[in-house]
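Report on one structure; see the data block that follows.
Bear in mind these aren't lab numbers, they're just calculated from the coordinates by the rules spelled out. This one's a predicted model, so the numbers in the text were calculated from it and none came from an experiment. Cβ placement follows ideal geometry from the backbone for every residue including glycine, while neighbour counts extend to all protein chains displayed.
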Amino acid sequence: MSQKNKSIDAGIWMKLTKVVVALVIVAGVMAIIQWYQPVIRQNEGMQRRLIHLKEQIAEENRIANSLQERIGAVSTNDFTLDRLAREKLGYAKPGEKVVRFETVNATLPSR
């Protein structure tokens, strides 16, 4: 008996088995995605918070640099120190006349 290469047709069951295996793999991948989705969302939230905090740090650094420049100006320039004492504290040199303007209370009715 000589046998020729015959392809054995297992019928519909072999095809159904392949489909079921593919569906099980897809379901497994989807289960893993669902399992890690809260972690991914938490990571995204933390990344947004990190970006926000870095922006705050940059803003605070700009403010600190500005204040350092003002401190340097006050400590090295007598004119700046004199001007700040006059503006903020209301000081005047001897013999100077100081004029102060007061704001009128806005709750008073107008005539």
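Just a few scattered comments:
- Choice from Ala22, Ala73, Ala58 with maximal GNM fluctuation in the chain (Cα, 10 Å cutoff): Ala22
- Separation in nanometres of the label points that stand 7 Å from Cα toward Cβ, at Ile25 and Ala85: 8.5
- The stretch 18-94 - charge dipole about Cα centre, Lys and Arg +1 at Cβ, Asp and Glu -1, debye rounded to 20: 220
- Axis angle, to the nearest 10 degrees, between helix 78-89 and the longest C-alpha principal axis of the chain: 90 degrees.
- Helix 12-76 and the longest principal axis of the Cα set of the chain meet at an angle near 10°.
- Note on Ser66 and Ala92: with the Förster distance fixed at 25 Å, the Cβ-Cβ geometry gives a FRET efficiency of about 0.35.
- Placing +1 on each Lys and Arg Cβ and -1 on each Asp and Glu Cβ, with no other charges, gives the stretch 8-58 a dipole about its Cα centre of roughly 140 debye.
- Those GluC sites (Glu not before Pro) in the stretch 19-111 that DSSP places in a loop and that have at most 11 other beta carbons within 10 Å: Glu96, Glu102
- Candidates Leu84, Leu50, Leu16, ranked by Gaussian network fluctuation over the chain, Cα under 10 Å, top entry: Leu16
- Across the options Gly28, Leu84, Asn65, the greatest Cα extent toward the positive end of the charge dipole of the chain (unit charges at beta carbon of Lys, Arg, Asp, Glu) belongs to Gly28.
- In the chain, helical runs assigned H by DSSP with n ≥ 4 each contribute -39500 (n - 2.57); averaged across all residues and rounded to the nearest 500, the mean residue ellipticity at 222 nm is -25500 deg cm²/dmol.
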